[in-house]
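Asks: Have a look at this one before I ask anything.
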Amino acid sequence: MSDNFLQFVPADANWQPSAEAADRACRVARELYPDADEINAEFFDCPQVFVPLGFWDGPRCPACGADIEAWWYDVAGAASEHDFTDLSVVTPCCGTTTTLDACSDDHKPRFGRFVLSLMNPGFDDPPDVEAAIAEALGAPVNHVWFHL
């Protein structure tokens, strides 16, 4: 059986909520997604990459739309060696200065030191779900769907 995960990652890759705010966000997530199998908050020492596996067509240049998948994985691997402290890149196709997490049209990968993860929440997004989670955490968030 496969599982789907909905992950909420702070917009600032280095920001982390307090433990109390993370607990509050877990309670809000449970109210919004009462049928989720699991809801977990995780903290990391350095930014992690959250790739929307199964929901992502791969990275594309945000300026010209070129397929940059092989290059993206190479530079993401290099950035991981430095704990994703610098996400800035220059695309190989047209020389656009951008960031690793901007290299996609939809279902973008995200980087963060915190994630609120919901296992099998269903696919119905309640209205303003990102806003509700952001309010509980105390900072803007982005979501990532992940299929395993």
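Asks: For the range 6-21, take each phi angle, set θ = phi - 60°, evaluate the Karplus expression 6.51 cos²θ - 1.76 cosθ + 1.60, and give the result in whole Hz per residue in order, putting x for glycine and proline.
Replies: Values per residue, Gly and Pro as x: 10, 10, 10, 10, x, 4, 8, 4, 9, 7, 9, x, 6, 4, 5, 5 Hz.
Asks: How would S80, S2 line up from fewest to most surrounding beta-carbon atoms within 10 angstrom? Intermediate results must be reported in sequence, preceding the final value.
Replies: Working: S80 14, S2 7.
Exposure proxy ranking, most exposed first: S2, S80.
Asks: Can you list residues from other chains, or at least 5 along the same chain, whose modelled amide H is less than 5 Å from the amide H of R60?
Replies: Amide H neighbours of R60, under 5 Å, 5+ apart: I68, S104, D105.
Asks: What order do you get for 10-17, 111-118, 67-74 when each peptide is scored by the mean count of other beta carbon atoms within 10 Å, highest first?
Replies: Working: 10-17: 17.5, 111-118: 23.4, 67-74: 15.4.
Put in order of decreasing packing, that is 111-118, 10-17, 67-74.
Asks: Right, here's the next one. I need to check one value: relative contact order of the chain, counting alpha carbon pairs closer than 8 Å and at least 6 residues apart, in percent. Intermediate results must be reported in sequence, preceding the final value.
Replies: Numbers: 296 pairs, mean separation 72.1, N = 148.
The value is 49 percent.
Asks: [x] 1.07; [y] 0.93; [z] 0.98: which one is Rg/Rh (Cα atoms, Kirkwood Rh) as calculated from this entry?
Replies: From the options [x] 1.07; [y] 0.93; [z] 0.98, the structure gives [z].
Asks: Here's a follow-up. Which of T91, T85, T98 comes first, and how do the rest follow, when ranked by fewest Cβ neighbours within 10 Å?
Replies: T85, T98, T91
Asks: Hey, another quick one. Could you please rank M119, M1, placing first whichever residue has the fewest other Cβ atoms within 10 Å of its Cβ? Mind showing how you got there, number by number?
Replies: Working: M119 17, M1 3.
Fewest-to-most Cβ neighbours within 10 Å comes out as M1, M119.
Asks: To the nearest 10 degrees, how steep is helix 69-80 against the longest Cα principal axis of the chain, on a 0 to 90 scale?
Replies: 70
The numbers here are math on the coordinates, done by the rules we state, and not lab data. Not measured: the values here are computed from a predicted model. Positions of Cβ are backbone-derived with ideal geometry, glycine not excepted, and every protein chain shown enters the neighbour counts.
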